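**Q** Quick one: the structure is below, questions incoming.
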Amino acid sequence: MDKTYISAGKLKGLMRITDESGRFRMLAIDQRGSLQKMLSNSSKREAGFPDLVIAKRIVTLILSPYFSATLMDPEYGIPESLKYLNKHSGLLVATEKSGTEASGYQDREKKTTLIEGWSVKKIKKLGADAAKLLLYYRPDGTSEIKNYQESIVKFLGEECKKEDIPFVLEPVTYPFKDDEVSQDSLEFVKRKPELVIQTAKEFSKEEYGVDLLKMEFPINLKYVKEFRQGYFDGKEREEIYSIKDAEDASYEITKTSRIPWVILSAGVDIEEFVVNVEIASRCGASGFLAGRAIWKDFTKYYPSENDMIEWLLTSGVSNYYKVFEASKKSTPFFEHKLFKSLANISVSGTSENWYKEY
């Protein structure tokens, strides 16, 4: 069997952000704008820097021991939370600025901006195990915005290659056409599976330098036959899909993507995310990178730190175990078709002089 070669830094990074089974079971606490809004709603005042710092610190302290890796941001997370990161949890760091720039078709398309003064080099310098980019993307968007977004991915891919650190890409689709009034609009819900699949196909191309895709669940379960009568949120919807459709679309991501992928939570409630993870895992995903689905309800107790901690120690940890169980059939990253097996992986340039040439 032909060996699959990977650089030493990327291999080490991937192994650091997976658990002992080779599965990605990762925590996201890099949210900024969405977390600020939740804390503001709870405290009935505008949440600022100190508020976000406290929330991120508490989540990192309580939950990072359970996860194979933790995703942080450099603005509010790293400087105040790093010492609370469990030593057994790997570290991913965000590169993008929170929010997007309105642009393109009637200013409905989205452009990503990287954090000013931050870089992959600095991420590697602080000892992190991977760099991550959140990218809003429509494969059917205008060429101007598509090219702009794709260029950012290529730039970071090159930077991660130079620094020899894994590159995790989180491409997220969104409504922008005239008949797509919201994420919940029928036209967008119908288009989303193909949008997600085509996005995975695009960014798994070798030219982008991405090592792991953090993908949306391709189908909105609220429109699936078994759940459409308000199973998750009490709101009845039209039947558009079946469970098999969700399985087929998830499997199509696995077939289409050249590299491993994990499922993201996209802020859905824990009950829906557990189903997402279970289906995605059976259909070839290599785990999950979950944020709000795990911890978002702890913000209801802000500003009481004691109550927030108590919620995370009980409900937050319980949510982790629910998702962990749902991910048991996920594919270890080294068993993905790219690698075939751990025995099949070799470090690039292995020779007696490897250390001189690295």
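**Q** Please work out how much length the chain gains when fully extended from Ser182 to Lys87, using 0.36 nm per residue of separation minus the C-alpha to C-alpha distance, in nm with one decimal.
**A** 30.1 nm
**Q** Something else about it: Which GluC sites (Glu not before Pro) does segment 174-238 hold that lie in a coil by DSSP with at most 15 other beta carbons within 10 Å? If you can, show how the numbers build up before the last one.
**A** Numbers: sites: Glu180, Glu187, Glu194, Glu202, Glu206, Glu207, Glu216, Glu226, Glu236, Glu238; in loops: Glu180, Glu216, Glu226, Glu238.
Answer by residue number: Glu226, Glu238.
**Q** Then there's this: List the residues whose amide H sits under 5 Å from the amide H of Tyr136, counting only those 5 or more places along or on another chain, with H placed 1.01 Å from N in the peptide plane.
**A** Val172
**Q** For segment 258-354, what does the relative contact order come out to in percent, with C-alpha contacts under 8 Å and a separation of six or more?
**A** Numbers: 109 pairs, mean separation 32.4, N = 97.
Answer for segment 258-354 is 33 percent.
**Q** Right, next: Taking H as built 1.01 Å from N, whose amide H comes closer than 5 Å to the amide H of Ala266, not counting residues under 5 places away?
**A** Amide H neighbours of Ala266, under 5 Å, 5+ apart: Gly291.
**Q** Quick one: 3J(HN,Hα) in Hz for segment 261-274, Karplus 6.51/-1.76/1.60 with θ = phi - 60°, rounded, Gly and Pro as x.
**A** With the stated coefficients, segment 261-274 comes to 9, 10, 9, 9, 8, 6, x, 6, 5, 4, 4, 6, 5, 4 Hz.
**Q** Hey, another quick one. Taking 0.36 nm per residue of separation and subtracting the Cα-Cα distance, what length does fully extending Ala343 through Asp140 add?
**A** Between Ala343 and Asp140, full extension yields 69.1 nm more.
**Q** Looking at segment 32-107, which GluC sites (Glu not before Pro) are DSSP coil and have at most 13 other C-beta atoms within 10 Å of their C-beta?
**A** When the GluC sites (Glu not before Pro) of segment 32-107 are filtered for loop state and at most 13 Cβ neighbours within 10 Å, Glu46 remain.
**Q** Taking a 19 Å limit on the Cα-Cα distance, which of the listed pairs Lys12/Lys124; Lys110/Lys154; Lys177/Lys225; Lys10/Lys214 fall beyond it?
**A** Lys177/Lys225
**Q** From the phi angles alone, apply the Karplus equation (6.51, -1.76, 1.60; θ = phi - 60°) to segment 11-21 and give each ³J(HN,Hα) in whole Hz, x where the residue is Gly or Pro.
**A** Whole-Hz 3J(HN,Hα) from phi for segment 11-21: 5, 4, x, 4, 5, 6, 9, 9, 8, 5, 8.
**Q** In angstroms, what radius of gyration and Dmax does the chain have, counting Cα atoms only?
**A** Computed over the Cα atoms of the chain, radius of gyration and Dmax are 19.8, 65 Å.
**Q** Over the chain, what is the mean sequence separation of C-alpha contacts under 8 Å (at least six apart), divided by residue count, expressed as relative contact order in percent?
**A** On the way: 669 pairs, mean separation 66.0, N = 358.
18 percent.
**Q** At 7 Å along the Cα-to-beta-carbon direction for both Asp2 and Ala102, put a label point, then send me their distance in nm to one decimal.
**A** Computed distance between label sites Asp2 and Ala102 equals 5.0 nm.
**Q** Kindly write out, for segment 70-85 in residue order, the coupling ³J(HN,Hα) from the Karplus curve 6.51 cos²θ - 1.76 cosθ + 1.60 (θ = phi - 60°), rounded to whole Hz, with x marking Gly and Pro.
**A** Once θ is set to phi - 60°, the couplings for segment 70-85 become 10, 9, 10, 10, x, 7, 10, x, 3, x, 9, 10, 4, 6, 9, 6 Hz.
**Q** Let me ask something else about it. What net charge do the residues around Ser330 carry, taking every other residue with its C-beta under 12 Å from that of Ser330, with Lys and Arg at +1 and Asp and Glu at -1?
**A** So the environment of Ser330 carries a net charge of +1.
**Q** Roughly how many Å is it from the Cα centre of segment 300-358 to that of segment 137-212, as a whole number?
**A** 22
**Q** For segment 44-99, what's the relative contact order in percent, using C-alpha pairs closer than 8 Å and at least 6 residues apart?
**A** So the answer I get is 38 percent.
**Q** While we're on this one: Can you compute the helix-only [θ] at 222 nm over the chain? Use -39500 (n - 2.57) per DSSP H run of at least 4 residues, normalise by all residues, nearest 500 deg cm²/dmol.
**A** -11500 deg cm²/dmol
Bear in mind these aren't lab numbers, they're just calculated from the coordinates by the rules spelled out. Just so it is clear, the structure is predicted and the values come from calculations on it, not from any experiment. Heads up, the Cβs are rebuilt from the backbone with ideal geometry, glycines too, and the neighbour counts pull from every protein chain shown.
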